[in-house]
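The values are calculated or read from the model by the stated rules, or taken from the named source; none is laboratory data. As the structure is a prediction and not an experimental result, all values here were calculated from the model. Using ideal geometry, Cβ is built from the backbone for each residue, glycine included, and neighbour counts are taken over all protein chains shown. The protein model used for the area step is the full one, side chains on, heavy atoms only, and it has no ligands, DNA or RNA in it. Shrake-Rupley method; radii C 1.70, N 1.55, O 1.52, S 1.80 Å.
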Amino acid sequence: IPGAVNYHAKQVFDEAGKWHHPTDLKKHFSALADKEKVVASCGSGGSACLNAVALLEAGFDDVALYPGGYSEWLRKGEAIKTVEDKDMT
């Protein structure tokens, strides 16, 4: 999905499986701080829900969930864009 940024949902939890503190979540999602609206998505919905809750806990006001996820995006024939990681050689 063009403009999408990947955040692994497992990273919103600490070693004990509890939510990170909101301050830590805010730091985790700091690259999104200038966005007016953030839409969480994933392949099936589970990870997107976890990230959406974490974004709200981090203080983001306008968080939405794209329930169809990447699977629906592809089925509909929507535009895709890939970005090569320049650090991988």
Checklist outcome for this item: Scanning the stretch 23-36 for residues that are at pLDDT below 95 and assigned to a loop (DSSP other than H, G, I, E, B), the one least open to solvent (accessible area, probe 1.4 Å) turns out to be A33
Item to check | Number of positions in the stretch 61-76 that are open to solvent by 80 Å² or more (accessible area, probe 1.4 Å) and either part of a loop (DSSP other than H, G, I, E, B) or touching a residue at least 40 places away in the same chain (Cβ under 8 Å) (or both) | outcome: 4
Checklist outcome for this item: Quick count over the stretch 18-52, residues being hydrophobic (A, V, I, L, M, F, W, C) and without any contact (Cβ under 8 Å) to a residue 12 or more places away in the chain, is 1
Checklist entry - Within the stretch 38-60, restricting attention to residues that are in a loop (DSSP other than H, G, I, E, B) and modelled with pLDDT under 95, which residue is most open to solvent (accessible area, probe 1.4 Å)? => result S44
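Determine whether G46 is among the small types (G, A, S), closer than 23 Å to E72 by Cβ and out of contact with any Phe, Trp or Tyr (no Cβ under 7 Å at 6 or more places or on another chain).
The answer is yes for G46.
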